[in-house]
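Trainee: What follows is a structure written as structure tokens; I'll ask about it next.
Values quoted throughout were computed directly from the atomic coordinates according to the rules given, and no laboratory measurement underlies them. All values reported here derive from a predicted model rather than from experimental measurement. Note that we place each Cβ from the backbone using ideal geometry, even for glycine, and neighbour counts take in every protein chain shown.
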Amino acid sequence: MPEIWHPFTQHGLGEPIPEVIRAEGTLLHTRDGRAIIDGISSWWVQTHGHCHPKIVAAIQEQAARLDQIIFAGWTHEPAQQLSKALGDFLPSDLSHIFFSDSGSTAVEVALKMALGYWHNLEQPRSRIVVMEHSYHGDTIGAMSVGARGVFNRAYAPLLFDVETIPFPVDDGANSISALQQLCEGSEPPAAIIVEPLVLGAGGMLVYSPDILRALADTARAHDVLFIADEVMTGWGRTGTLFACEQAGVVPDILCMAKGLTGGLIPLAVTAASAPIYDAHFSPDRSRTFFHSSSFTANPIACAAALANLGIWRDEPVQQRIDHIAARHRAFAEQLAAHSNIADVRQCGTILAMDFVDTGGGYLSALGPQLLRFFADRNLLLRPLGNTVYVMPPYCITDEELDALYLGIEAAAAQFAD
Ligand code: PLP
């Protein structure tokens, strides 16, 4: 029998791999009878909670009616309805919706759209500007625009070169001026891609809406396309539906995935402004946007996303988000008492902190120790190196939040030295 090779898992360490047999709300029920609090929304995908009945019903209904259909030159009702419904959630400038299957593919699509735009305008540009510590996915293009490190060292020969601006410090002048310099170079960049407000896998690093706006303004002033990767930040994580809203920024291209279906089933959207679509619109077939994958706009996934939008409309989702944010803020103050916890930061439903460590970055020995410590307490918190963060589904109860906070305080006490 073939053995399963798990992602981001070093099987050589012999770590136990728990089996989940059922999930509901914030809880993961394991084969050995434990109920584990999902403090990281199962890799940031779950928004309303596991197995939300409205999304489950939409999936069941759609699966029985139309399961899958080629999307090149064909269409179906769930995709049409979803595109129309997304119109109520997105800025009107993002007038075109391109479907794919994951956050990484949403990013690949964005990069191809940007280069296709300049190519079709007959002003070829190929340079892409990225932010230090970024993560945009694990496919080759997405890795190319992400930070280089232990994750992708072996694949470096496959990655294309990018220009990197530093992560913003203080008022972000370091980042903004670096972008300005790159934009004013002899060969202007095609686009800049950023994770707005919070850099996720790079360590839950937070920067301000003012800086985001200044970066977008700088790009716009130089006619450089602004790509917002909201794969992690989108669907409420930072306190607003999309992080860009807090900065009053409308990107030229916006990537979303994860919470688009409430986190139940894979689907991604790359939303683009009219000029980008128009540059590809032509009777000339060579100007086609050449991208697809087999399951593009899968009807079942579109039905799930449509049900997700219904939940945003009909349930007090924003209230739940605001409540989590308020609880995080209060707990963050409490954490100040722990001398071995540094740089506590919060943005909406995301709370992160660094456990003081002697080093090692992502491969810090503390990370696996903390993971095990939390797992032993039936908490799913998966540190990024020595950074512990909480990013719960919005249905989380006060008692479940308390359990997460208590677990973190216990870890702070346990790993004090
Ligand atoms: N972009 C960002 C900001 C992400 O955080 C992630 C995944 O965590 C991705 C892209 C890649 O998404 P996926 O894992 O669905 O390919």
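Trainee: Let me have the relative contact order for segment 98-153, percent, based on Cα pairs under 8 Å that are six or more residues apart. Display every interim value, and only then the final one.
Mentor: Working: 49 pairs, mean separation 18.4, N = 56.
Answer for segment 98-153 is 33 percent.
Trainee: Let me ask you something else. Report, ordered by chain and residue number, the lysines lying within cross-link reach of residue 54, taken as a straight Cα distance under 22 Å and ignoring same-chain residues fewer than 8 apart.
Mentor: 84, 258
Trainee: For segment 116-141 and segment 376-400, what is the centre-to-centre distance using only Cα atoms, to the nearest Å?
Mentor: Here the two parts' Cα centres lie 33 Å apart.
Trainee: If you average the sequence gap of Cα pairs under 8 Å that are 6 or more apart and divide by the length of segment 240-345, what percent do you get for the contact order?
Mentor: The value is 21 percent.
Trainee: Okay, moving on. With a ≥ b ≥ c the root eigenvalues of the C-alpha gyration tensor of segment 155-230, is it rounded (a/c under 1.5), prolate (a/b larger than b/c) or oblate?
Mentor: Oblate is the answer for segment 155-230, as a/c is 1.5 or above yet b/c matches or exceeds a/b.
Trainee: List residues of segment 34-60, by number, whose backbone nitrogen lies under 18 Å from a label position 7 Å along Cα→C-beta of residue 314.
Mentor: 47-60
Trainee: If each residue's Cβ is checked for other Cβ atoms within 10 Å, how do 88, 171 rank with the fewest at the top?
Mentor: 88, 171
Trainee: Considering only 117, 21, 39, whose Cα is most displaced toward the positive end of the charge dipole of segment 1-152, charges sitting on Cβ of Lys, Arg (+1) and Asp, Glu (-1)?
Mentor: 117
Trainee: Another one. Could you check the simple spin-label distance between residue 365 and residue 339, using points 7 Å along Cα→Cβ, in nm with one decimal?
Mentor: So the two model labels end up 2.2 nm from each other.
Trainee: Is segment 96-140 best put as rounded, prolate or oblate by its Cα gyration tensor, with a ≥ b ≥ c the root eigenvalues, rounded for a/c under 1.5, and otherwise prolate when a/b is larger than b/c, oblate when not?
Mentor: oblate
Trainee: Please arrange 218, 26 by how many other C-beta atoms lie within 10 Å of their C-beta, fewest to most.
Mentor: 218, 26
Trainee: Another question about this same structure. Contour minus end-to-end for residue 399 and residue 21, with contour as 0.36 nm per residue of separation and end-to-end as the Cα-Cα distance?
Mentor: So the extension gain works out to 133.8 nm.
Trainee: What is the spin-label model distance, in nm, from residue 30 to residue 329 if the labels are put 7 Å beyond Cα along the C-beta direction?
Mentor: 3.6
Trainee: Still on this structure, please answer the following. Taking only C-alpha pairs under 8 Å that are 6+ residues apart, what is the relative contact order of the chain in percent?
Mentor: Details: 781 pairs, mean separation 92.6, N = 417.
Relative contact order comes out at 22 percent.
Trainee: Given the rule -39500 (n - 2.57) for each run of at least 4 DSSP H residues, summed and divided by the residues of the chain, what is its mean residue ellipticity at 222 nm, to the nearest 500 deg cm²/dmol? Present the calculation step by step, with values, prior to reporting the outcome.
Mentor: On the way: 13 runs with 149 residues, N = 417.
Mean residue ellipticity at 222 nm (helix-derived): -11000 deg cm²/dmol.
Trainee: On to the next question. State to the nearest 20 debye the size of the charge dipole of segment 237-310 about its Cα centre, where the only charges are +1 on K and R beta carbons and -1 on D and E beta carbons.
Mentor: Dipole of segment 237-310, to the nearest 20 debye: 200 debye.
Trainee: Which length gain, in nm to one decimal place, applies between residue 67 and residue 274 when the Cα-Cα distance is subtracted from 0.36 nm times their residue separation?
Mentor: So the chain would gain 71.5 nm between residue 67 and residue 274.
Trainee: If a/c stays under 1.5 just call it rounded; otherwise compare a/b with b/c (prolate if a/b is bigger, oblate if not). Do that for the chain, with a ≥ b ≥ c from the square roots of the Cα gyration tensor eigenvalues.
Mentor: Here the chain falls in the oblate category.
Trainee: Separation between the residue 121 and residue 222 pseudo-spin-labels, each 7 Å from Cα along Cα→Cβ, expressed in nm?
Mentor: Going from the residue 121 label point to the residue 222 one covers 1.4 nm.
Trainee: Within 10 Å of each residue's Cβ, count the other Cβ atoms and sort 94, 197 from fewest upward.
Mentor: Details: 94 23, 197 27.
The order, fewest Cβ neighbours first, is 94, 197.
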